[in-house]
Amino acid sequence: KDKQVNEKVLGELVNYLINNGVHGIFTLGSQGEFYALEKQEKKRIMEIVVSEVRSRVPVYVGTGAITTSESIILSKMAEEIGASAVSVITPYFITPSEDELYEHFLAIAKSTNLPILLYNNKERTGVNISANLVVRLSHVDNIVGIKDSSGDLTLTTEYIRRTTDNFSVLAGRDTLILATLLYGGKGAIAATANVAPKLAVSIYESFIQNKFEEAKKAQMMLVPLRIAFGLGSFPVVIKDALKLIGFDAGPCRCPVKSLDDKRKEELKEVLKSMNLC
């Protein structure tokens, strides 16, 4: 509420996620409003998360930026603080060519010893990472995978089909976690897992145990929360959902506003249907 990072609640959320079975923590992603934070705020968040995790699970840090130099600075910062890997979204506002994107990601990869996870989210950035580009980048030693939030299952499948098995393709669209796994994806980085970590994790856990009906049931239970993102401006729904389940997540940074009372009630009904509140 005072427009500062709530360090206490951030630590509580990290522990809630780990205690509910997540296999890793992703900080400074889209739901973490990376685009709205100053560099020193990002540094402090990295420090808090790495410290709170205490090596229990890997920590992925979003270090994407509009310019290559800024992303390199953030990636080096993440490495110094103790991150396990960095995730780099495409530049936004500008529309670089495929060769420019290749050089951008290559320069970042050369600047750090950390594994790099590419992040494709054309809906938010206006820039798509093509399958051809992913194939090229997959040959860079420390570029180890991609999170695909495009919602285009054909594109996700092409990433999987055209890369080797040691290149990890992760679902970024929460409605397509099971589908991505069925095509050969390695997992997911799910926004909804902030609120429903056990449910999100159970899709993967059931799948790897060949319990496909259970995986399908869990996926179907998770879908309404992802669909509910349409109740407000991105990324307010997860913030408001966290408040409804007991975390004082605070507001998004302006100009994004909290849901009105009617939409909060709709969101509450979704959470009730998932036995979350």
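For this structure, a couple of remarks:
- Residue in region 37-54 that is in contact with a Ser or Thr (Cβ under 6 Å, 6 or more places away or on another chain), part of a loop (DSSP other than H, G, I, E, B) and not acidic (Asp, Glu) present: no
- Taking region 256-277 as the range and being touching a residue at least 12 places away in the same chain (Cβ under 8 Å) and in a loop (DSSP other than H, G, I, E, B) as the test, the residues that pass are Val256, Lys257, Ser258, Leu259, Met274, Leu276, Cys277.
- Candidates in region 75-102 are the residues that are within 16 Å of Asn142 (Cβ to Cβ) and in a helix (DSSP H, G or I); of these, the one that is farthest from the chain's Cα centre (by Cα) is Tyr102.
- Region 1-22, residues that are under 21 Å from Gly187 (Cα atoms) and without any contact (Cβ under 8 Å) to a residue 12 or more places away in the chain: Asn19
- Of the helices (runs of 4 or more DSSP H) lying entirely inside region 170-241, those containing at least 1 residues that are charged (D, E, K, R) are 197-208, 212-227.
- Hits in region 141-150 (condition: surrounded by fewer than 16 Cβ atoms within 10 Å (Cβ to Cβ) and polar (S, T, N, Q)): Asn142
- Scanning region 14-65 for residues that are polar (S, T, N, Q) and in contact with a Lys or Arg (Cβ under 7 Å, 6 or more places away or on another chain), we see that the one that is nearest to Lys76 (Cα to Cα) is Ser30.
- Criterion violated by Thr164 - all others in (1) in a helix (DSSP H, G or I); (2) over 16 Å from the mean Cα position of the chain (by Cα) satisfied: (1)
- When the residues of region 54-70 are filtered to those that are over 14 Å from Ile89 (Cα atoms) and in contact with a helix residue (DSSP H, G or I) (Cβ under 7 Å, 6 or more places away or on another chain), the one that is surrounded by the fewest Cβ atoms within 10 Å (Cβ to Cβ) is Arg56.
- Any hit, region 142-153, residues being outside any strand (DSSP E or B), at pLDDT 95 or above and closer than 30 Å to Glu265 by Cβ: yes
- First in region 73-90 and free of Cβ contacts under 8 Å to residues at least 40 places away in the same chain and at positive phi, second anywhere and in a helix (DSSP H, G or I) and buried (at least 18 other Cβ atoms within 10 Å of the Cβ), Cβ under 7 Å, 6 or more apart: Gly82/Val50
The rows are residues; the columns are (1) within 14 Å of Ala83 (Cβ to Cβ); (2) surrounded by 16 or more Cβ atoms within 10 Å (Cβ to Cβ).
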{"residue": "Leu10", "(1), (2)": "no, yes"}
{"residue": "Val14", "(1), (2)": "yes, yes"}
{"residue": "Ile18", "(1), (2)": "no, yes"}
{"residue": "Phe26", "(1), (2)": "yes, yes"}
{"residue": "Lys39", "(1), (2)": "no, no"}
{"residue": "Met46", "(1), (2)": "yes, yes"}
{"residue": "Val49", "(1), (2)": "yes, yes"}
{"residue": "Glu52", "(1), (2)": "yes, yes"}
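Rundown of residues vs (1) out of contact with any strand residue (DSSP E or B) (no Cβ under 8 Å at 6 or more places or on another chain); (2) free of Cβ contacts under 8 Å to residues at least 24 places away in the same chain; (3) farther than 19 Å from Asp99 by Cα; (4) surrounded by 21 or more Cβ atoms within 10 Å (Cβ to Cβ), yes/no style:
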{"residue": "Leu118", "(1), (2), (3), (4)": "no, no, no, yes"}
{"residue": "Lys122", "(1), (2), (3), (4)": "yes, no, no, no"}
{"residue": "Val127", "(1), (2), (3), (4)": "yes, no, no, no"}
{"residue": "Val134", "(1), (2), (3), (4)": "no, no, no, yes"}
{"residue": "His139", "(1), (2), (3), (4)": "yes, yes, no, no"}
{"residue": "Asp152", "(1), (2), (3), (4)": "yes, yes, yes, no"}
{"residue": "Thr156", "(1), (2), (3), (4)": "no, no, yes, yes"}
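The values are calculated or read from the model by the stated rules, or taken from the named source; none is laboratory data. This structure is a prediction, so every number in the text was calculated from the model and none was measured. Cβ atoms come from the backbone with ideal geometry, glycine included; neighbour counts cover every protein chain shown.
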